[in-house]
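Notes follow the structure.
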Amino acid sequence: MYFTFANNGEAFGEIGKTNYRWGLAFVEKLKAHSSDNLIINQRYFEDETHGTAAALSWYYGLKSLLKR
């Protein structure tokens, strides 16, 4: 699984910050139960928001997947 997070705090205020914290907590819970069949990567885009991170998310996610 490849998770990406954007800098939504500036664009969306407290709800953006809350969603980011929720996302990080979710990734950590998955990592606590990871296995050889579940590889988890994440990336934070400081200069992007929810609306601008999609293309970068696809690009880096596919690049990560295709390395294997």
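Hey, any hits in the stretch 26-34 for a residue that's small (Gly, Ala, Ser), closer than 27 Å to LYS67 by Cβ, modelled with pLDDT of 90 or more and exposed (fewer than 14 other Cβ atoms within 10 Å of the Cβ)? Yes, there is a match, as at least one residue in the stretch 26-34 is small (Gly, Ala, Ser), closer than 27 Å to LYS67 by Cβ, modelled with pLDDT of 90 or more and exposed (fewer than 14 other Cβ atoms within 10 Å of the Cβ). What do you reckon, is LYS67 among the basic types (Lys, Arg) and surrounded by 12 or more Cβ atoms within 10 Å (Cβ to Cβ)? Spelling it out, it is not the case that LYS67 is among the basic types (Lys, Arg) and surrounded by 12 or more Cβ atoms within 10 Å (Cβ to Cβ).
Selection of helices (runs of 4 or more DSSP H) fully inside the chain by the criterion of at least 2 residues being without any contact (Cβ under 8 Å) to a residue 60 or more places away in the chain and in contact with a helix residue (DSSP H, G or I) (Cβ under 8 Å, 6 or more places away or on another chain) returns 8-12, 14-32.
The values are calculated or read from the model by the stated rules, or taken from the named source; none is laboratory data. What you are looking at is a predicted structure, and each value in this text was computed from that prediction instead of being measured. Counting neighbours? That spans all protein chains shown, and the Cβs are built from the backbone with ideal geometry, glycine included.
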